[in-house]
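*Asks:* What follows is a structure written as C-alpha cells; I'll ask about it next.
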There are 4 protein chains.
Amino acid sequence: MSLNGYSLPRSPLGEANLVPAPPWHYVGDFLVIDYWADPEAVAAVLPPGLEPLPDDPGACAALFVDWQSCSDGGEELTDPSRSQYKEFFVVVNALLDGEQVTTCPYIWVDQDFALARGWVQGFPKKLGDIWITRAFDLNVTAAPGLAAGSRIGGTCSARGRRLAEGCVTLTGPSDGGPVHNDAPLVNVRYFPRLAAGRHESPAVHELVRAKSYDRSISQVWEGDAELELFAAPGEEHAALAPTRVGKGYRFTFAYTIDDLESVRSYAAEEVSS
Amino acid sequence: MSLNGYSLPRSPLGEANLVPAPPWHYVGDFLVIDYWADPEAVAAVLPPGLEPLPDDPGACAALFVDWQSCSDGGEELTDPSRSQYKEFFVVVNALLDGEQVTTCPYIWVDQDFALARGWVQGFPKKLGDIWITRAFDLNVTAAPGLAAGSRIGGTCSARGRRLAEGCVTLTGPSDGGPVHNDAPLVNVRYFPRLAAGRHESPAVHELVRAKSYDRSISQVWEGDAELELFAAPGEEHAALAPTRVGKGYRFTFAYTIDDLESVRSYAAEEVSS
Amino acid sequence: MSLNGYSLPRSPLGEANLVPAPPWHYVGDFLVIDYWADPEAVAAVLPPGLEPLPDDPGACAALFVDWQSCSDGGEELTDPSRSQYKEFFVVVNALLDGEQVTTCPYIWVDQDFALARGWVQGFPKKLGDIWITRAFDLNVTAAPGLAAGSRIGGTCSARGRRLAEGCVTLTGPSDGGPVHNDAPLVNVRYFPRLAAGRHESPAVHELVRAKSYDRSISQVWEGDAELELFAAPGEEHAALAPTRVGKGYRFTFAYTIDDLESVRSYAAEEVSS
Amino acid sequence: MSLNGYSLPRSPLGEANLVPAPPWHYVGDFLVIDYWADPEAVAAVLPPGLEPLPDDPGACAALFVDWQSCSDGGEELTDPSRSQYKEFFVVVNALLDGEQVTTCPYIWVDQDFALARGWVQGFPKKLGDIWITRAFDLNVTAAPGLAAGSRIGGTCSARGRRLAEGCVTLTGPSDGGPVHNDAPLVNVRYFPRLAAGRHESPAVHELVRAKSYDRSISQVWEGDAELELFAAPGEEHAALAPTRVGKGYRFTFAYTIDDLESVRSYAAEEVSS
C-alpha cells in the first residue's frame, strides 16, 4: 500500500490532498489596472537575476480576479467551495537575460487550495478577503453592465486591514488590453528549511517561468482607473503604491496549467555557500 | 441633534446603520429547484392564517441565489463587501384567504446587512455559507455555460454542517420558468420581547406580503434537478426534505423593494390574550 | 400545530430559532479601557431622554470581550460554535432623569446568534472580527500572564477595515476596577418598518434598561492603556476617538439575563406625530 | 539589495513573510482523546519506513487544540489575529527502526500562518473551522470548570462539512496524561513539482522528527471520552474512525520550536528512480 496525491495530505486513495493533480483549468473575471510605482521600490522586490526595466522601471499592474477552477473531470465545479476563489496581486516588470518579464511580489487569496496551488507555482500567496463588483445578464441598477460609465471596484483586506482598493470607470471596448501584465511571468518557488542552522538555506529556491495553454479571452473593456495601496503591519506592498495610474481593464480570461519551467536554481548556489 | 438611519446603529450622520434606507435594488443569479415535501411537514411550518394547498399540499421550491444589491446612489457597488451576498432558502405553497401564496420557513445568508434586511421583510435569516456554480463569458472547461449538459450546483452550510445540496443539469431554455415559487410571497415579521413574563408575547408579529417593482428577468434555462436537505442540530429544515424533485431552473432576476404590505397582525391578538 | 421558538425562524419543534429562549448565561474575559472623547461627540450619540453628564461629559469606555454563553441546559457549550463569540463596543456616560447611566452607541460581534440576541436587548450590533490576547494556565513566552508587565491587546475590524485597537500593560491588581462602564446600562430597542411612507416610523423604538443576576467577577488587574479608533466608510464610531486615555482593566465576568425593563417608549410619540 | 524573510513572500524588509523566522513559541489548551482505529486503516496512512505497532496496531489520538503563538519579541501577541489559531488533528502510532513513534496523517487549522508553518514541519494542514469549549476563571453556568462532571467539547469542520466531534466528561486529575500521542512525532515534509512529467517527483519529500524545548505542562485532567469522525468528499480521515475510545484529557501545554531533524530522504530515492 502507498500514499497517494499531488499535495499534502497524501492518503491511501489520493483524494484528501489539498491540491489535486494537474492539469488545472481556470476561468476568471479580471479587473486589471496598469500603473507605475517608485522605480526603486520596484527594483527592491526583484528576485536575483532580474534587472529593472531600463525604459520603464516603475511599470506595475494591480489585478483583482474572481476565479473558478477545477481539475480534470471537473467535479469541483458543482461543489463550488472547492472551485471558486478571489485574489488580488501586483506584478512588476523587469528584464531577465535581456527579455522583458513580469514577476509577482505580493498576492492574497481567499481559499486554502488556491493558496497551496499558488505556492507550487511560485506565487507568494497569503490569505485575504477580496471583493470585485460583478456584472450580470441584466442591465439594472444593481448591476453595472459592461458599458460606458459603469464602475467596477475591487478591494483586498487581510487580517482585518484594508490593503488595496481599485476602481475602473469603463469608457469602451479596448483595442489592446492591459500592457503592464503582458510580459511572460516569472516567479520564485521557495520552501524553507527548519533544521537548525539552515533556516536561511531553503529546501526549494528557484526562479520559474509560468506555462499555460488553452488560453482564451473575452472582449476587453477599458476605462479610467483609480488605485490605492494601504500600509499595514506585516505587509510591504504599500512601497509599491502608485505614483501614476494608467488605464483599467475588465475582461474574462481562461487557461489551463500543468507545467512550469525552471529558469534558475538559487538553492544550488546557497548550498555551495 | 438627533440620531439618524433606517436601522441600528442609528448615528449622528445616519451612515453607520447596518441597513441603509430603502429603496433596495437587487440583482441575482438564481438556481431554483421545484420539489415536493411531505404535506404534513409543509403544513407544520405554515404561519397562522395559512392553509395547506388543497390540490398540491407538498409543493416547495429550493432557491440558491448569488446576489448583488445596493441602495439609491449605488455606492455599495464599488465596495462589494457591502453589496454582494449569497443565500439559500426554501419556500412552501399554501392558501391565504383562498389565494395561493408562498412562504419562507428557513433561509440562510452570508452577510450581516442582508440578514438584518431580511428580518425587516419577514425572512427568518440565519448566517450560513452558500456556494453556487458560476457562469462566465467564455465557454471553457472551468465554466459550465448556459448550455445543454452544463451542471450548476448549489450548497448551503451553517455552523460547520452541510444543510443542503442541489444540482441542475441544464437541458435547454425554459418556456415557463419555475412554478413552485411563483405565487405571491407572504412572510412573518417577528421581533421578540425580553421583559420577564412576556417572552412569548413578541413586540412585532405580523403576516406581511412582499411588494416589489422594476422586476426584470433574463432568459430562463431549465434542466433535471437533484436536491438533498440534511438534518443538523438546531435546524428543522430537513423535515422538508424532498419526496419528489421536479425541474431545476437557472436565470438572472432583478427587482427593487421599498414597501411591504401588512396582511394580518398577530401581535394584537396576543396582546388581548 | 403551531410554530415555536423565541426568535426567528420559528418552527414546529422550536429548535431552529437563532436565539433560544432566555435565560441566557454568559461568561467572558474583559479588556476594558476607560477613556474620554470629545463631549460634543458623546452628546451627539445620546438617544432622546439622555443628557450629557455635567461633571464629566466625555467619559467613555471601550470593551473587548471574549464570551462563552448558553441557555438553560447548556447544550451549546459542547458545540462551541453555538456558544463562543467575541465583541467590541463603546459605552458613553450620560444622565437619565438625573441618574448617571451608560449607553452603547456602537458594537461589533462575530456570531449571528449574538448579533440577534443583542438586537433584542437594544445593542446595535453589526458583524466584525474581534481578537483579544488570551491568558493561559502557564507562565510562558507565548502567554502573557496576569502579571505586571504583561501586555493584553484587543482589535476590531469589520468589512475588511480596522476599526479599533487597544492595549493594556498590566501593573497590578486593581482596587476598584473600571469606572466608565460602571453606571447602569440603557439601550435603544429598534425594529424598522418597511411599509411605504412609514420608513421613519419604526415598529419598535424604546429605551430599555438592562437587568441581570447571578453576577460574579474575578480578581481585576489594571494597567496603562492605549486606544485608537479608526474611521471607515459606513462607520461613525471614530467621532468618539479618545482625547485622553485612562486606565485599562482585565478580568473575567459572568451573569445571567432573562429580563429587560422598558424605560420609555419612543414609538408612541412617533405614532402620535 | 536583497529579499528577506523566512517564508514567502520574501520582501525588502523581511516583514511581509507569512511565517516569521523561528524560534516559534507556542502555548495551547489541549483536548486529547486516546482511541483505537482499524489497524489496517492505520497501516494504510503510514509513510514509507514506518511499520505497524506490533502490540497495539490501532492506537490513535485525536487532538483539538486552542493555540496562541509568537516569534521572538512576541509582537504578534497584542495583534492576536497573527498569534491565535485552533486546530484538530489525528496521530497514529507506528514503529520506525524499532522505536515507537507517532505520525500525523490529517490536520486542519483555521489560520494561514499556522497552515504554512505546519507544512514546513511536515504537518499536512488544510484550513478548517475548529471550536473547543473554554474554561474561565469563574465557576459559573456558562463555564465548565476543570472539575469532575464538566464536559469539554471539540468540533472540526471544513468546506462546510462536519469532520469530527469529540467530548470529554472530566472525572478528576490524571496521573499520567494521554498515552497515544506520547511517542516521538515524525512527519513527512513534502513540496510538489509542477514541471511536466515530474508531478510525481516532489521537490521535497523527507521524513522528519520534531524537536522542541522549553516544554511545560499544566495539571492534566482526565475523563470519559466520546469521538466521532465523519466522512466527507475530498477527505479520508473517516477511515480512521474509532473502533474503541479510551480516556480523554484536558491540559495546557507550551513549547518552543526552532529545529527539525531529517530522518530519511524519500526524494533522493525518487530522483534515482
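The values are calculated or read from the model by the stated rules, or taken from the named source; none is laboratory data. Nothing here was measured: the structure is a model prediction, and the numbers come from that model. Because the Cβ atoms are built from the backbone with ideal geometry, glycine has one as well, and the counts that use them run over all protein chains shown.
*Asks:* Would you check which residues across the range A:144-163 are at pLDDT below 95 and within 7 Å of another protein chain (Cβ to nearest Cβ) and list them?
*Replies:* Correct list: A:P144 only.
*Asks:* Away from chain C (no Cβ under 14 Å) and closer than 17 Å to A:F89 by Cα, is that true of A:A195?
*Replies:* No, not satisfied.
*Asks:* Just one of (1) under 23 Å from A:G128 (Cβ atoms); (2) without any contact (Cβ under 8 Å) to a residue 40 or more places away in the chain; (3) of a type outside the set (D, E) trips up D:I130, so point out which.
*Replies:* Exception for D:I130: condition (2).
*Asks:* Let me ask you something else. Being assigned to a strand (DSSP E or B), of a type in the set (D, E) and surrounded by 20 or more Cβ atoms within 10 Å (Cβ to Cβ) is the requirement here; does A:E235 meet it?
*Replies:* no
*Asks:* Right, another one. Suppose the filter is closer than 30 Å to A:S212 by Cβ and among the β-branched types (V, I, T); does D:V204 pass it?
*Replies:* yes
*Asks:* Now for a separate question. Can you confirm whether the range B:164-178 contains a residue that is within 8 Å of another protein chain (Cβ to nearest Cβ), in contact with a Lys or Arg (Cβ under 7 Å, 6 or more places away or on another chain) and within 24 Å of B:K125 (Cα to Cα)?
*Replies:* Yes, because at least one residue in the range B:164-178 is within 8 Å of another protein chain (Cβ to nearest Cβ), in contact with a Lys or Arg (Cβ under 7 Å, 6 or more places away or on another chain) and within 24 Å of B:K125 (Cα to Cα).
*Asks:* Out of all the residues in the range D:119-150, which are of a type in the set (G, A, S) and within 22 Å of D:Y249 (Cβ to Cβ)?
*Replies:* D:G128, D:A135, D:A143, D:G145, D:A147, D:A148, D:G149, D:S150
*Asks:* Next question. Just the residues that are assigned to a loop (DSSP other than H, G, I, E, B) and either under 19 Å from C:E235 (Cα atoms) or of a type in the set (D, E) (or both), please, taken from the range C:82-110.
*Replies:* C:D97, C:D110
*Asks:* So in the range B:75-91, with the set limited to residues that are of a type in the set (A, V, I, L, M) and out of contact with any Gly (no Cβ under 9 Å at 6 or more places or on another chain), which one is farthest from the other protein chains (Cβ to nearest Cβ)?
*Replies:* B:V91
*Asks:* Among the residues of the range D:161-190, write down those that are out of contact with any Ser or Thr (no Cβ under 7 Å at 6 or more places or on another chain) and polar (S, T, N, Q).
*Replies:* Scanning the range D:161-190 gives D:T169, D:T171, D:S174.
*Asks:* B:L53 - would you say it is at negative phi and within 10 Å of chain A (Cβ to nearest Cβ)?
*Replies:* Judged against the criteria, B:L53 is not a match.
*Asks:* Could you list all residues from the range A:18-40 that are within 19 Å of the chain's Cα centre (by Cα), away from chain B (no Cβ under 14 Å) and over 18 Å from A:F123 (Cβ atoms)?
*Replies:* Answer for the range A:18-40, where residues must be within 19 Å of the chain's Cα centre (by Cα), away from chain B (no Cβ under 14 Å) and over 18 Å from A:F123 (Cβ atoms): A:D34, A:Y35, A:W36, A:A37.
To keep it simple, each residue is scored yes or no on (1) at pLDDT 95 or above; (2) touching an Asp or Glu at 6+ places or on another chain (Cβ under 7 Å); (3) aromatic (F, W, Y).
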| position | (1), (2), (3) |
| --- | --- |
| C:P202 | yes, no, no |
| C:E206 | yes, no, no |
| C:S216 | yes, no, no |
| C:A225 | yes, no, no |
| C:P233 | yes, yes, no |
| C:V245 | yes, yes, no |
| C:T256 | yes, yes, no |
| C:E269 | no, no, no |
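*Asks:* Can you tell me how many residues within the range C:57-75 are free of Cβ contacts under 8 Å to residues at least 40 places away in the same chain and over 28 Å from C:A225 (Cα atoms)?
*Replies:* Residues flagged as free of Cβ contacts under 8 Å to residues at least 40 places away in the same chain and over 28 Å from C:A225 (Cα atoms) within the range C:57-75 amount to 2.
*Asks:* Turning to a different aspect of this structure: Is there a residue being part of a helix (DSSP H, G or I), surrounded by 24 or more Cβ atoms within 10 Å (Cβ to Cβ), under 13 Å from the mean Cα position of the chain (by Cα) and within 14 Å of chain D (Cβ to nearest Cβ) anywhere in the range C:117-135?
*Replies:* Yes, the conditions are met somewhere in the range C:117-135.
*Asks:* Among the residues of the range D:1-53, which ones are of a type in the set (D, E, K, R) and over 28 Å from D:I132 (Cβ atoms)?
*Replies:* Across the range D:1-53, the qualifying residues are D:R10, D:E15, D:E40, D:E51.
*Asks:* I'm trying to understand the selection: among the residues of the range A:80-100, which are among the hydrophobic types (A, V, I, L, M, F, W, C), under 18 Å from A:V208 (Cα atoms) and surrounded by 20 or more Cβ atoms within 10 Å (Cβ to Cβ)?
*Replies:* Residues satisfying the conditions are A:F89, A:V90, A:V91, A:V92, A:A94, A:L96.
*Asks:* Moving on. Residues in the range C:151-177 that are crowded, with 21+ Cβ neighbours inside 10 Å and farther than 30 Å from B:S7 by Cα: how many?
*Replies:* Adding up the residues that qualify gives 5.
*Asks:* Same structure again: Looking only at the range A:141-198, which residues are in a strand (DSSP E or B) and charged (D, E, K, R)?
*Replies:* A:R151, A:R161, A:R162, A:E165, A:R189
*Asks:* Sort out which residues of the range B:198-231 are at the interface with another protein chain (Cβ under 8 Å from one of its Cβ atoms) and of a type in the set (G, A, S), and write them in order of number.
*Replies:* Matches in the range B:198-231: B:A203, B:S216, B:S218.
*Asks:* On to the next question. Show the residue pairs meeting these rules: Cβ distance below 7 Å; 6+ apart or different chains; first residue within the range A:108-124 and touching a residue at least 24 places away in the same chain (Cβ under 8 Å); second residue assigned to a helix (DSSP H, G or I).
*Replies:* A:V109/A:L115; A:V109/A:G118; A:D112/D:L115; A:F113/A:R82
*Asks:* Related question: I'd like the residue in the range D:199-224 that is of a type in the set (S, T, N, Q) and assigned to a loop (DSSP other than H, G, I, E, B) and, out of all such residues, is farthest from C:T141 (Cα to Cα).
*Replies:* D:S201
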